[in-house]
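*Asks:* First the structure, then my questions, so here it is.
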Amino acid sequence: MMFFGLFRRKKRAHSRKEAKDRLDSIVTGRRRSVPVQEVIPAELLKSSETDVVTQIKGYVAQRFKVKEENVKVQFEEHNGYVVIITNVVFH
Amino acid sequence: MVKTYVVTSGKGGVGKTTISATLGAALAAKGDKVCLIDADIGLKNLDLILGLENRVVHTILDVVNGKVTALESLVRHKQMKNLFLLAASQIATKEMLSPDDMRRIVAELYPKFDFIIIDSPAGIERGFRNAVAAAEGALVVTTPELPAITDADRVIGLLENAGMAEDDIRLIINRFKPNMVKRGDMLTKDDIQENLAIELLGIVPDSEDVIVATNTGNPITLNGNQEHAIAQVFSNIALRLKGEMISLEKDLVYGGPRGFREFFRRIFGRN
């Protein structure tokens, strides 16, 4: 019996179906096209950088009742986009 | 017609550099004048795969620093006289090159070549942005595995957001195993294409011969190997890049390993 067991192939589910389902759930909707009007030229941001920082600091300070100097606003480039990062220090 | 392509993937280890070298050699074998640019600064490999590692005198960093022009820095392939390499520097970092530098380099080379193929590093950071900056089109390489496909999806999104036309972003599936697909253990080309939703340019079956070619520094499409099944696949891809209509089914003629070992593995294989 042991000898014949060597040649017996154990049946198992094929993994393609599972991979397909997982891929569908990961990828579907993740990559959406960004309409051109959603992309703001970088020059526009540069010209109003100080104003943006002042307004964000003012809003966050008022919203969380913190001092403006405890609100830090940074502009960082990630993957070709400028991301505005706001740090609020809570006591 | 698009003639400057970046070969990219997101995930590392899917075969970008091998595909860049082999496709470049396939285009050169058809008579096109081809320049390969290694944009994987710090982790360069393209010169190794082409067997040119001992011939590199100047690198892309020398061009950026103004020591030589882009044309002066090129290394001509020892067998294919219309295949050239602009090598990356091993000691530099990706931050030493900017997207503008890459645009300037490609602009200098553009009128002199029929095709310029830029081998991108893995990832989506500075090195990727440098490589993509001057490209008119992209060849996104993936293997039929989830991590590679999902990374490819991310890269396609970034390329589209960077303004590259959807028609100019094309997919190459590498290390495809038709036998596994038949067994139901690998995603099919349709599964992959359906999810990535870009044109499929070619399917490169998994082959030990590609490893052998890398060992010897002779891309499988070089002279003398033209009849090899994998060389035929790259020839098909090259023709499709040149605008010819070649059926994708022709890439699948090569069905992977056959012979006694595979025969016994299938009979006695225990899963």
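Each reported figure results from applying straightforward, stated rules to the coordinates on display, with no laboratory input. Small disclaimer: the values here were computed from a predicted structure and weren't measured. All Cβ positions, glycine included, derive from the backbone under ideal geometry; neighbour counts span all protein chains shown.
*Asks:* Suppose every Lys and Arg Cβ carries +1 and every Asp and Glu Cβ carries -1, with no other charges. What dipole size does segment B:107-235 come out with about its Cα centre, to the nearest 20 debye?
*Replies:* Using only the charged Cβ atoms, the result is roughly 260 debye.
*Asks:* Assigning unit charges at the beta carbon (Lys, Arg +1; Asp, Glu -1) and nothing else, what dipole magnitude in debye, to the nearest 20, does chain B show about its Cα centre?
*Replies:* Dipole of chain B, to the nearest 20 debye: 760 debye.
*Asks:* Where does each of B:His77, A:His14 land when they are ranked from fewest to most other beta-carbon atoms within 10 angstrom?
*Replies:* With the sparsest Cβ surroundings first, the list reads A:His14, B:His77.
*Asks:* Turning to a different aspect of this structure: Place a point 7 Å from Cα of A:Arg22 in the direction of its Cβ. Which residues in segment B:134-170 have their backbone N less than 14 Å from it?
*Replies:* Zone members listed by number: B:144-151.
*Asks:* In which sequence would B:Ser9, B:Ser120 go, from the one with the fewest C-beta neighbours within 10 Å to the one with the most?
*Replies:* Sorted ascending by nearby Cβ count, the order is B:Ser9, B:Ser120.
*Asks:* May I pose another question? Could you state the angle between the C-alpha long axis of helix B:16-29 and the longest principal axis of the C-alpha atoms of chain B, as a value from 0 to 90 degrees rounded to the nearest 10?
*Replies:* So the helix axis and the longest Cα principal axis differ by about 80 degrees.
*Asks:* I'd like to know which of B:Leu83, A:Val66, B:Leu248 lies farthest towards the positive end of the charge dipole of the protein assembly as shown, counting +1 on Cβ of Lys and Arg and -1 on Cβ of Asp and Glu.
*Replies:* Farthest along the dipole direction, towards plus: B:Leu248.
*Asks:* While we're here: DSSP loop (so not H, G, I, E, B), at most 16 other Cβ within 10 Å: list which trypsin sites (Lys or Arg not before Pro) in segment B:32-131 pass both filters.
*Replies:* Taking segment B:32-131 and a limit of 16 other Cβ atoms within 10 Å, the loop trypsin sites (Lys or Arg not before Pro) found are B:Lys33, B:Arg55, B:Lys67, B:Lys78, B:Lys81.
*Asks:* Let me ask something else. Within 10 Å of each residue's Cβ, count the other Cβ atoms and sort B:Ile246, B:Ile105, B:Ile124 from fewest upward.
*Replies:* With the fewest neighbours first, B:Ile246, B:Ile105, B:Ile124 line up as B:Ile246, B:Ile124, B:Ile105.
*Asks:* Give me the log10 of I(q) over I(0) for segment B:42-163 at q = 0.19, 0.21, 0.23 Å⁻¹, as the Debye formula computes it from C-alpha points; what are the numbers?
*Replies:* For segment B:42-163 at q = 0.19, 0.21, 0.23 Å⁻¹, log10 I(q)/I(0) is -1.14, -1.32, -1.48.
*Asks:* Of B:Ala29, B:Leu48, B:Leu146, which is farthest on the positive side of the dipole of segment B:3-146, counting Cα position, with +1 on Lys and Arg Cβ, -1 on Asp and Glu Cβ, and the Cα centre as origin?
*Replies:* B:Ala29
*Asks:* Which value, in Å to one decimal place, does the Kirkwood hydrodynamic radius take for chain B when every pair of different Cα atoms is included?
*Replies:* 18.8
*Asks:* Rg(Cα) of segment B:19-108 divided by 2.2 N^0.38 Å?
*Replies:* 1.02
*Asks:* Here's a follow-up. Specify which residue in the list B:Asn179, A:Val89, B:Ala231 is farthest towards the positive end of the charge dipole of the protein assembly as shown, using unit charges on the beta carbon of Lys, Arg (+1) and Asp, Glu (-1), about the Cα centre.
*Replies:* After comparing all options, I get B:Asn179.
*Asks:* Cut-off under 22 Å on the C-alpha distance; same-chain residues fewer than 8 positions from B:Lys30 excluded. Which lysines are left, in chain and number order?
*Replies:* Straight-distance partners of B:Lys30: B:Lys3, B:Lys16, B:Lys78, B:Lys81, B:Lys112, B:Lys242, B:Lys250.
*Asks:* Here is a follow-up. Which value, in debye to the nearest 20, gives the size of the charge dipole of the protein assembly as shown about its Cα centre, when Lys and Arg are +1 and Asp and Glu are -1 at the Cβ?
*Replies:* Dipole magnitude for the protein assembly as shown comes out near 1720 debye.
*Asks:* Jot down the radius of gyration and Dmax of the protein assembly as shown, Cα atoms only, both in angstrom.
*Replies:* Expressed in Å, the Cα Rg and Dmax of the protein assembly as shown come to 24.1, 82.
*Asks:* Write down the Å³ per residue value for the convex hull defined by the alpha carbon atoms of segment B:1-69.
*Replies:* Hull volume normalised by residue count: 126 Å³.
*Asks:* Can you work out the FRET efficiency for the pair B:Asp167 and B:Glu194, with r the C-beta to C-beta distance and R0 = 25 Å, to the nearest 0.05?
*Replies:* According to the calculation, E is roughly 0.90.
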